[in-house]
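Worksheet: the structure to be examined is printed underneath.
The numbers here are math on the coordinates, done by the rules we state, and not lab data. Worth saying up front: this structure is predicted, and the values here are computed from it rather than measured. Every residue, glycine as well, gets a Cβ built from its backbone with ideal geometry; the counts of neighbours run over all protein chains shown.
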Amino acid sequence: MMKLITSGMFAVGIAAVPVAISPRPMPAPAPEHRNDPRLETLRTFFRNGDCPAAEFAAAFLEAADYNELDWRLLPSLSYVETTGGKSARHNNLFGWDSGHAEFASPIAGIQAVGYRLSHSDLYKDKELDKLLSTYNPNAEYGRKVKSVMRRIAPSE
């Protein structure tokens with residue numbers, strides 16, 4: 001093996017890249033989402049608002065399905081918090097941690113927030129209204145999110 005020695009250090013061809021770490025990483029993108037009618041519904045919703053989140057529509061569905069959440073919840077939170085990514089900073093489409101949280105990528109943020117809403121003691125097993133009031137205690141917040149959910153698609 002050939003080593004490059006410079007000032008007492010050597011390189012072996014390893015590169016570091018940011019990686020999102022969660023207790024239970026999501027599997028590779030599910031092929032069934034390619035033909036899922038929810039995918040085009042979600043893309044259309046975000047495109048109609050000229051939202052950057054349109055390119056992450058499949059990631060929203062995958063996170064929702066993987067974490068057993070209503071498929072409209074994460075996109076609606078994103079829309080209410082950052083207008084679907086228009087005002088997102090640090091790949092934080094959800095305003096998570098009062099907008100201070102930073103994620104390695106928008107997809108990492110989607111996965112992390114989906115996981116947290118499903119598994120954290122703060123959120124898991126709560127009805128939608130209770131979950132939303134925990135997420136943001138403002139009295140109007142839950143109504144806004146549910147209104148966006150209905151705009152995406154009627155409840156099932």
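Which order do the peptides 116-122, 129-135 take when ranked by the mean count of other beta-carbon atoms within 10 Å per residue, highest first?
129-135, 116-122
Show me 44-56, 75-87 ranked by packing, highest mean number of other Cβ atoms within 10 Å first.
Those peptides, ordered most packed to least, come out 75-87, 44-56.
Using amide H atoms built in the peptide plane, which far-off residues or other-chain residues are under 5 Å from N92 H to H?
For N92, the qualifying residues are F103.
Rounded, prolate or oblate, given the Cα gyration tensor of region 35-152, with a/c below 1.5 counting as rounded?
rounded
Would you mind calculating the gained length between D50 and N35 on full extension (0.36 nm times residue separation, minus the Cα-Cα distance), in nm to one decimal?
Result for the pair: 3.1 nm of gain on full extension.
Taking the number of other C-beta atoms within 10 Å as the exposure measure, put L69, L93, L61 in order starting with the fewest.
Starting with the residue having the fewest Cβ neighbours, the order is L69, L61, L93.
For E102 and R151 in the same chain, what is the full-extension length gain: residue separation times 0.36 nm, less their Cα-Cα distance, in nm?
Value of the extension gain: 14.8 nm.
Mind running the shape call on region 110-156? Use the C-alpha gyration tensor, a ≥ b ≥ c as the square roots of the eigenvalues: rounded below 1.5 for a/c, prolate if a/b tops b/c, oblate otherwise.
oblate
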